[in-house]
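Enquirer: Quick one: structure below, then a few questions.
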Amino acid sequence: MSNEPAAFRQPVSDRPSRDRLDSWKEVASYVRYSERTVRRWEAEGLPVHRHTHKSKAAVYAYKSEIDAWWNRDRVRLEKLELPVANKRKYWRLAGAVSALAVVVAAVLVLSTTRFLRARPAASPPHTIAVLPLHNLSGDATQDYFADGITDALTTDLAQMEDLQVISTTSAMHYSDTKKALPEIARELKADVIVEGSVERSDNNVRITAQLIRAATDKHLWAETYERDLHDIVGLQDEVSSAIAQQIERQLGGPKPSLLPQAGMVDPEAYDTYLRANYFLDSGQIAKSVDYYNQAAKLDPNYAPIYAHMAGAYFFQAFFGTLSPQEGWGKVKETATLAIEKDDRVAEAHGALALAKMHYDWDFAGAEREFKRGIELNPSDADIHHDYAHYLMAMGRTAESVAETKRAVELNPLGGALTSCLCWHSFAARDYDDAVRLATAFLVRQPNNAWEHTILGWTYEQKRMPDEAVAQLQQAVAESNSRPFFLAALGHAYASAGRKRDAEHVLQTLSKRSKDSYVSAFDIGGIYAGLGDKEKAFFWLDKAATERSSFLVYSKWEPRLDPLRADPRFPQLLKRIGLPRQSER
């Protein structure tokens with residue numbers, strides 16, 4: 001450091017090697033704070049040195065310098081952190097200590113020891129969060145790799161019984177945060193935090209993991225693991241197993257029950273797979289599919305590639321980018337391939353359940369797959385969320401609410417989940433709650449087409465046609481006029497009495513259908529809004545023939561209310577296989 005005191009400028013050659021700390025991990029272990037905290041303390045003057053020839057993340061420090069700094073700034077620093085009783089052991093104090101102080105300290109230690117022995121042990125952890133691992137490669141373009149390892153460790157730890165693991169989606173909100181760990185833990189409702197780093201050099205990968213008791217920011221354990229990229233799956237297994245064992249030993253958590261993943265994976269295939277995951281998470285669906293296919297060619301035996309590809313195809317099938325036959329066919333094909341290669345991949349069972357539900361109308365089979373996915377990964381918020389949709393479709397409202405609540409507990413900050421909560425309220429016909437949820441979400445993400453659509457549908461049911469049209473026009477603009485959103489606007493026009501505008505939308509969709517897929521269900525919905533029952537049922541019959549995705553929600557869909565009294569409507573439900581009465 002250029003502003004180091006003279007006492008800190010002792011040449012490296014003159015320092016004893018035992019005085020030196022060679023990484024953030026060693027610094028964190030020495031001061032008994034989390035790595036995240038000591039990184040933040042660099043701005044407060046923590047005396048760390050940077051290697052000029054290595055990445056910015058490569059640091060070293062000297063115990064003597066840190067001791068002097070701590071003794072000087074300890075009071076100020078502790079005011080910065082949340083006060084917690086018995087928060088940590090104090091470092092050794094510089095200088096001599098009087099005999100009286102030694103006696104007093106001994107008495108205090110003895111008293112404290114007796115007190116601690118009398119206290120009951122802390123309760124075992126209930127919830128754990130794996131915070132984004134730091135990318136130490138010095139190359140920001142490698143962030144996707146560190147994020148992928150974070151997700152893999154989260155998925156592995158989620159196999160532990162009686163331990164709730166917060167979704168990676170929520171944890172990723174803290175990638176660049178300056179918040180203290182106790183504050184992060186409170187927001188995620190986590191008892192234990194895992195943090196660390198990933199460093200990739202050519203085909204070598206090093207992972208450092210730390211286990212921290214969240215409320216006190218107490219450093220419990222840290223270790224570094226290193227392997228060749230060919231054995232990245234084995235490396236992930238080793239790290240997650242070590243963390244699980246430490247949770248049991250240090251905190252009295254559940255006995256580790258992690259199942260090792262199958263085999264090795266081609267390094268280039270794994271890298272391509274992680275890139276595909278990045279594109280999927282950022283909403284670049286078509287690009288993610290392209291990368292998944294590339295990864296599958298490089299290593300056709302790695303099951304997670306197919307499982308995640310099935311998830312990408314789900315979005316294309318659900319929102320009508322592909323026809324039901326093509327889209328759901330690809331979901332089934334890739335999910336089945338994943339299960340054939342490794343039956344333990346929870347995401348594959350969740351994806352297959354969605355295909356059985358929306359396309360096969362095999363509702364019993366769909367529920368079996370949902371339950372199998374949850375059995376394999378009880379902390380998978382996405383499967384709980386999708387299972388809630390299944391229960392909505394079946395009319396099992398109370399169970400759907402419970403699954404939704406569970407999903408939110410596991411992924412409290414997940415955008416895709418929280419953006420869908422208003423649809424759940426819409427399905428339950430709690431329109432005020434739907435408006436509240438959608439409005440709050442749009443403050444955070446004002447350009448979300450799906451949220452504008454749900455809000456528009458809700459305003460329709462609240463007899464607020466102008467507001468409905470405005471929201472759905474926004475959805476069309478944000479989605480580049482995709483047919484699903486354009487059809488929703490057409491229904492709003494019809495419900496508002498703007499027949500000419502609704503008919504113009506129908507003409508536009510008819511032209512589009514000559515070149516790409518347009519859902520018959522969406523067209524039938526517009527005719528229902530116009531009050532033309534004959535054409536509405538004509539298109540709903542076509543929707544049943546093509547297995548339109550949203551048809552399975554006909555049981556509760558408010559936009560179909562004008563058709564429910566017609567004897568053809570219960571026949572439609574029977575054709576789909578939906579029970580007529582709600583199973584509440």
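Enquirer: Does Gly497 count as in contact (Cβ under 8 Å) with a residue 12 or more places away in the chain and not in a helix (DSSP H, G or I)?
Expert: Working: in contact (Cβ under 8 Å) with a residue 12 or more places away in the chain: yes; not in a helix (DSSP H, G or I): yes.
So Gly497 passes the test.
Enquirer: Follow-up. Looking at (1) touching a Phe, Trp or Tyr at 6+ places or on another chain (Cβ under 8 Å); (2) within 21 Å of Glu546 (Cβ to Cβ); (3) small (Gly, Ala, Ser), which is the one condition that is false for Ala348?
Expert: Failing condition for Ala348: (2).
Enquirer: Go through (1) more than 21 Å from Leu188 (Cα to Cα); (2) surrounded by 23 or more Cβ atoms within 10 Å (Cβ to Cβ) for Asn411 and report which single condition fails.
Expert: (1)
Enquirer: Of the numbered conditions (1) in contact with a Lys or Arg (Cβ under 6 Å, 6 or more places away or on another chain); (2) within 18 Å of Gly577 (Cβ to Cβ); (3) of a type outside the set (S, T, N, Q), Tyr527 fails exactly one; give the number of that condition.
Expert: The one condition Tyr527 does not meet is (2).
Enquirer: Let me ask something else. Mind checking which residues of the stretch 292-340 are buried (at least 23 other Cβ atoms within 10 Å of the Cβ) and among the aromatic types (Phe, Trp, Tyr)?
Expert: Tyr292, Tyr302, Tyr306, Tyr313, Phe314, Trp328
Enquirer: Tell me, yes or no, whether the stretch 328-337 has at least one residue that is in contact with a helix residue (DSSP H, G or I) (Cβ under 9 Å, 6 or more places away or on another chain), in a loop (DSSP other than H, G, I, E, B) and touching a residue at least 40 places away in the same chain (Cβ under 8 Å).
Expert: No, that holds for no residue.
Enquirer: Can I ask one more? I need the full set of residues from the stretch 350-376 which are surrounded by fewer than 24 Cβ atoms within 10 Å (Cβ to Cβ) and over 16 Å from Val552 (Cα atoms), in order please.
Expert: Hits for the stretch 350-376 are Arg368, Lys371, Arg372, Ile374, Glu375, Leu376.
Rundown of residues vs (1) closer than 23 Å to Asp139 by Cβ; (2) modelled with pLDDT of 70 or more; (3) of a type outside the set (Lys, Arg); (4) not assigned by TED's automatic domain parsing to the domain that holds Leu181, yes/no style:
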{"residue": "Gly45", "(1), (2), (3), (4)": "no, yes, yes, no"}
{"residue": "Arg50", "(1), (2), (3), (4)": "yes, no, no, no"}
{"residue": "His53", "(1), (2), (3), (4)": "yes, no, yes, no"}
{"residue": "Lys63", "(1), (2), (3), (4)": "no, yes, no, no"}
{"residue": "Ile66", "(1), (2), (3), (4)": "no, yes, yes, no"}
{"residue": "Trp69", "(1), (2), (3), (4)": "no, yes, yes, no"}
{"residue": "Arg72", "(1), (2), (3), (4)": "no, yes, no, no"}
{"residue": "Arg76", "(1), (2), (3), (4)": "no, no, no, no"}
{"residue": "Lys79", "(1), (2), (3), (4)": "no, no, no, no"}
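Enquirer: Next question, about the same structure. If a residue must be surrounded by fewer than 18 Cβ atoms within 10 Å (Cβ to Cβ) and either of a type in the set (Val, Ile, Thr) or in a helix (DSSP H, G or I) (or both), how many such residues does the stretch 439-464 contain?
Expert: Restricting attention to the stretch 439-464, the residues satisfying the condition of being surrounded by fewer than 18 Cβ atoms within 10 Å (Cβ to Cβ) are 439-440, 443-447, 461-464.
Retained after the next criterion (residues that are either of a type in the set (Val, Ile, Thr) or in a helix (DSSP H, G or I) (or both)): 439-440, 443-444, 461.
Total meeting the criteria: 5.
Enquirer: Would a scan of the stretch 195-206 turn up a residue that is modelled with pLDDT of 85 or more, surrounded by 20 or more Cβ atoms within 10 Å (Cβ to Cβ) and outside any strand (DSSP E or B)?
Expert: no
Enquirer: Here are Glu248, Glu226: which of them is at pLDDT 85 or above and either on the phi < 0 side of the Ramachandran plot or surrounded by fewer than 21 Cβ atoms within 10 Å (Cβ to Cβ) (or both)?
Expert: Glu226
Enquirer: Between a residue in the stretch 279-294 that is assigned by TED's automatic domain parsing to the domain that holds Phe145 and any residue that is modelled with pLDDT under 95 and among the β-branched types (Val, Ile, Thr), which pairs come within a Cβ distance under 6 Å, given they are 6 or more apart or on different chains?
Expert: Sorted first by the residue in the stretch 279-294, then by its partner, the list stays empty.
Enquirer: Can you tell me which residues in the stretch 184-195 are more than 18 Å from Ala158 (Cα to Cα) and either in contact (Cβ under 8 Å) with a residue 40 or more places away in the chain or under 17 Å from the mean Cα position of the chain (by Cα) (or both)?
Expert: Going through the stretch 184-195, the residues more than 18 Å from Ala158 (Cα to Cα) turn out to be 184, 186-187.
Selection gives Ile184, Glu187.
Enquirer: Can I ask one more? Check the stretch 296-305 and report whether any residue there is over 23 Å from the mean Cα position of the chain (by Cα), in a helix (DSSP H, G or I) and not aliphatic (A, V, I, L, M).
Expert: yes
Enquirer: On to the next question. Are any of the residues in the stretch 553-567 in contact with a Leu (Cβ under 7 Å, 6 or more places away or on another chain) and either surrounded by fewer than 18 Cβ atoms within 10 Å (Cβ to Cβ) or in a helix (DSSP H, G or I) (or both)?
Expert: Within the stretch 553-567, the subset in contact with a Leu (Cβ under 7 Å, 6 or more places away or on another chain) is 554-555.
Filter again for either surrounded by fewer than 18 Cβ atoms within 10 Å (Cβ to Cβ) or in a helix (DSSP H, G or I) (or both), leaving none.
No, every residue in the stretch 553-567 fails to be in contact with a Leu (Cβ under 7 Å, 6 or more places away or on another chain) and either surrounded by fewer than 18 Cβ atoms within 10 Å (Cβ to Cβ) or in a helix (DSSP H, G or I) (or both).
Enquirer: Further question: Can you name the residue in the stretch 419-438 that is in a loop (DSSP other than H, G, I, E, B) and not small (Gly, Ala, Ser) and, of all such residues, is nearest to Val408 (Cα to Cα)? Give the derivation first.
Expert: Just the residues of the stretch 419-438 that are in a loop (DSSP other than H, G, I, E, B), to begin with: 419-420, 428-430.
Filter once more, keeping what is not small (Gly, Ala, Ser): 420, 429-430.
On the way: Cys420: 11, Arg429: 20, Asp430: 18 Å.
Going through the qualifying residues, I end up with Cys420.
Okay, residues lined up against (1) at pLDDT below 90; (2) under 30 Å from Leu229 (Cβ atoms):
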position: Val97; (1), (2): yes, no
position: Thr150; (1), (2): no, yes
position: Met160; (1), (2): yes, yes
position: Ser175; (1), (2): yes, yes
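Enquirer: Of the numbered conditions (1) part of a helix (DSSP H, G or I); (2) closer than 16 Å to Val289 by Cβ; (3) aliphatic (A, V, I, L, M), Leu322 satisfies every one except a single condition; which is it?
Expert: (1)
Enquirer: Determine if the stretch 251-262 includes at least one residue that is outside any loop (DSSP other than H, G, I, E, B) and at pLDDT below 90.
Expert: For the stretch 251-262, residues outside any loop (DSSP other than H, G, I, E, B) and at pLDDT below 90: present.
Enquirer: As an exercise: evaluate Arg372 against (1) in contact (Cβ under 8 Å) with a residue 40 or more places away in the chain; (2) in the same structural domain as His308 (by TED's automatic domain parsing); (3) not small (Gly, Ala, Ser) and give the number of the one condition it does not meet.
Expert: (1) is the only condition that Arg372 fails.
The values are calculated or read from the model by the stated rules, or taken from the named source; none is laboratory data. Just so you know, these numbers come straight off a predicted model, no measurement behind them. Quick reminder, even Gly has a Cβ in these numbers, built from the backbone with ideal geometry, and neighbours come from all protein chains shown.
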